[in-house]
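Data block below; observations after.
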Amino acid sequence: MRMNKTITAAALIGYGLAASFVAHAQESKEALYTKSLAATCANCHGTNGKVVSASPVVGLAGMSADYIASQMKAFKSGARPATVMHQLAKGFSDAQIDQMAAYFAAQKK
């Protein structure tokens with residue numbers, strides 16, 4: 001009976017470790033997906049939303065997630081006029097916009 005408890009405990013520990021690994025892998029996959037979405041903004045807004053000095057384009061790093069999301073959604077709907085952003089914003093779902101906004105808000109300026 002003692003051996004069965006030991007095996008059961010080892011199996012539970014192994015299962016817990018495996019579940020933890022899967023959860024971490026899923027978080028990593030989600031973080032990579034979000035980072036790849038944000039990378040689509042790099043041509044204009046710089047890597048991780050950090051523009052070079054004297055750039056006419058606004059840097060997104062450290063901005064409020066609510067502000068970024070509301071502006072992107074305004075571009076998407078056409079409520080905010082733009083030269084290019086209204087076309088680009090239409091390619092993202094609201095959930096993707098929210099993900100990117102949170103990503104840029106978390107970046108240091």
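The values are calculated or read from the model by the stated rules, or taken from the named source; none is laboratory data. Just so you know, these numbers come straight off a predicted model, no measurement behind them. Every residue, glycine as well, gets a Cβ built from its backbone with ideal geometry; the counts of neighbours run over all protein chains shown.
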- [ ] Could you check, for region 82-97, whether at least one of its residues is modelled with pLDDT of 95 or more, in a helix (DSSP H, G or I) and charged (D, E, K, R)?
- [x] yes
Task: Of all residues in region 86-100 being under 12 Å from ILE68 (Cβ atoms) and without any contact (Cβ under 8 Å) to a residue 40 or more places away in the chain, the one that is surrounded by the fewest Cβ atoms within 10 Å (Cβ to Cβ) - done: ASP98
TODO: Evaluate region 28-40: report whether one residue or more is at positive phi, modelled with pLDDT of 60 or more and not aromatic (Phe, Trp, Tyr).
DONE: no
Open item on the list: Looking at region 24-67 only, could you name the residues that are surrounded by 12 or more Cβ atoms within 10 Å (Cβ to Cβ), more than 13 Å from the chain's Cα centre (by Cα) and part of a helix (DSSP H, G or I)?
Closed with: ALA42, CYS44, HIS45, THR47, ASP66, TYR67
Task: Residues of region 68-84 that turn out to be surrounded by 13 or more Cβ atoms within 10 Å (Cβ to Cβ) and free of Cβ contacts under 8 Å to residues at least 12 places away in the same chain, as a count - done: 5
